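Each remark here refers to the structure printed beneath this line.
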Amino acid sequence: MARTVIPFGPQHPVLPEPVHLDLVVEDEKVIEARPSIGFIHRGLEKLAETKDYVEFVYVAERICGICSFIHGQTYCQAVETIMNIPVPPRALYLRTVWGELSRLHSHLLWLGLMADGMGFESLFMHSWRVREKVLNIIEATTGGRVIFGSCKVGGVRRDINADTIKTILKDLDGIEKDLRDLTRVFLNDRSVKARLCGIGVLTKQEAWDLGCVGPMLRASGVAQDMRQQGYAAFKDFPVVPITRTEGDSYARCAVRCEELFQSVQIIRQAFAKIPDGEIAVKVTGNPTGETITRTEQPRGEVVYHLKANGTKNLQRFRVRTPTFANLPAMLKVLPGCDLADVPMIVLTIDPCISCTER
Amino acid sequence: MSQEQIELITIDTLLEKVRAKKAQNCRLVQISATQLPGQIELTYSFDLNSQLSNLRLSLPGEEPHLPSISSVYLCAILYENEIHDLFGVRVDGIAVDFKGKFYKTAIKFPFASVKLPCASSAAAPAADAAPCATTPPATTGATK
């Protein structure tokens, strides 16, 4: 059988952002996938050397347009660790709430994109209809929809008052009901299962060895979630990682579906326990030292390596994003699959090339 | 760093140490490069039971190079190609070597300060001249 190389991307209906794959196929089977990224590398890490470390949180937030808040939060946490800044407890709770709202809207975005990718247009629209309700809460509490701008070194910029909390909790009841209806289709519909079950299987050991993170890792049976480390307010309500054992595309979808309910529950817990008090402390001086900080973004573990030498500019700002860590696994599961399944498999890692090309 | 463990190593012991991490069933979390005056510092981070441990080595000189660890951790291919394309560190024996085409940057080795863009882009279009002119002071200083 003659082999053919089929280019996939960088412009492709299922890819909102540019990544390219050369797919070596025999008949309809993929034999090999050769990746190519780097079309839009922005050099944001280098920018830290010329920006004030306090201002730089705005840049960190813009590494990604979806998990933007957690990028800003992780950056602030890293600087606060180096400078030993005691962040007020209320600010930590607010960060937790906004982080989980980010996870909700990111997972709903992904569910919609996946439904769209498989041609299930009504499911795509329902997913984004529910996402819109989450975005409304974010807009009401931060003023932004995807770029929040509410996190700063030393705390947060905005508070959420008691009346707004009551409104949000009421809205969450409606959102949770919508999520139940939505995920019932994703997890039980025959056509969805036909596209996902048994496709792109990654074993537990393969996922670990290939450095996978987030839902990609947990769908293969590894119970690891950086929220277990207890950053922000997670020390007050421990997170139990949601796992599956199948390791296929369906398992990755199921993990994200279950994490939606987990996030709703975390937000409720956070609002129930949120302490009164200040939302920020004044930050003076320049950082000296180094840290590696990890948090759990919707797509998985993000790693921030910061090195500071006592000036207002960081000596090194390095980000390892979850998509970057999940790319090797994607290349591992593609060989052997049908050409028609490539878009679904690529989507199940929830690729964010904007993050990867930071 | 307080809670994270950093072990200083040399190029000669890199592969041995990385194999030991693999034998412990550690996950490769990241490889991070930092340009310091006269040297590039590499940090290899590993995770075991959610605890982070790091191996650190320094690469002095103007043509830094080191062996690839992709024979032990295949996923290192991305980190190693990245380090090459951004910092100009030659990594020998990468399982999948993009040969400088991993990132399509307008200037060569944009994060390096030992060899910077202007030297190799004499015939480049005028647009390439701008990044050279605006190279951060710390970087420009090291090239002189």
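The values are calculated or read from the model by the stated rules, or taken from the named source; none is laboratory data. In this text the structure is predicted, and so the values were computed from the model without any measurement. With ideal geometry, Cβ positions are generated from the backbone for all residues, glycine too; neighbour counts draw on all protein chains shown.
Details
- Any hit, the range B:73-80, residues being over 19 Å from A:HIS41 (Cα atoms) and in a strand (DSSP E or B): no
- The listed residues are A:VAL342, A:VAL346, A:VAL333, and the only one of them that is hydrophobic (A, V, I, L, M, F, W, C), within 14 Å of another protein chain (Cβ to nearest Cβ) and within 26 Å of B:TYR79 (Cα to Cα) turns out to be A:VAL333.
- Residue within the range A:309-322 that is closer than 30 Å to A:ILE6 by Cα, within 14 Å of another protein chain (Cβ to nearest Cβ) and in a helix (DSSP H, G or I) present: yes
- Looking across the range A:323-358, not a single residue is assigned to a loop (DSSP other than H, G, I, E, B) and among the aromatic types (Phe, Trp, Tyr).
- The combined condition, being of a type in the set (S, T, N, Q), closer than 25 Å to A:LEU44 by Cα and away from chain A (no Cβ under 12 Å), is fulfilled by B:GLN39.
- Of the residues making up the range B:37-68, those that are in contact with a helix residue (DSSP H, G or I) (Cβ under 7 Å, 6 or more places away or on another chain), touching a residue at least 40 places away in the same chain (Cβ under 8 Å) and either assigned to a strand (DSSP E or B) or crowded, with 19+ Cβ neighbours inside 10 Å (or both) are B:ILE40, B:LEU55, B:LEU57, B:LEU66, B:PRO67.
- Any chance A:GLY144 is in contact with a helix residue (DSSP H, G or I) (Cβ under 9 Å, 6 or more places away or on another chain), without any contact (Cβ under 8 Å) to a residue 24 or more places away in the chain and either surrounded by 13 or more Cβ atoms within 10 Å (Cβ to Cβ) or among the aliphatic types (A, V, I, L, M) (or both): yes
- Restricting the range B:69-97 to residues that are touching a residue at least 40 places away in the same chain (Cβ under 8 Å), touching a strand residue (DSSP E or B) at 6+ places or on another chain (Cβ under 8 Å) and among the hydrophobic types (A, V, I, L, M, F, W, C) leaves a set whose member that is nearest to the other protein chains (Cβ to nearest Cβ) is B:CYS75.
- Single match in A:ALA233, A:ALA194 (criterion: modelled with pLDDT under 95, over 30 Å from A:GLY336 (Cα atoms) and small (Gly, Ala, Ser)): A:ALA233
- The residue of the range B:13-36 that is surrounded by the fewest Cβ atoms within 10 Å (Cβ to Cβ), among those that are over 21 Å from A:LYS204 (Cβ atoms) and more than 9 Å from every other protein chain (Cβ to nearest Cβ), is B:GLU16.
- The set of residues from the range A:235-272 being farther than 24 Å from A:ILE349 by Cβ and basic (Lys, Arg) comprises A:LYS235, A:ARG268.
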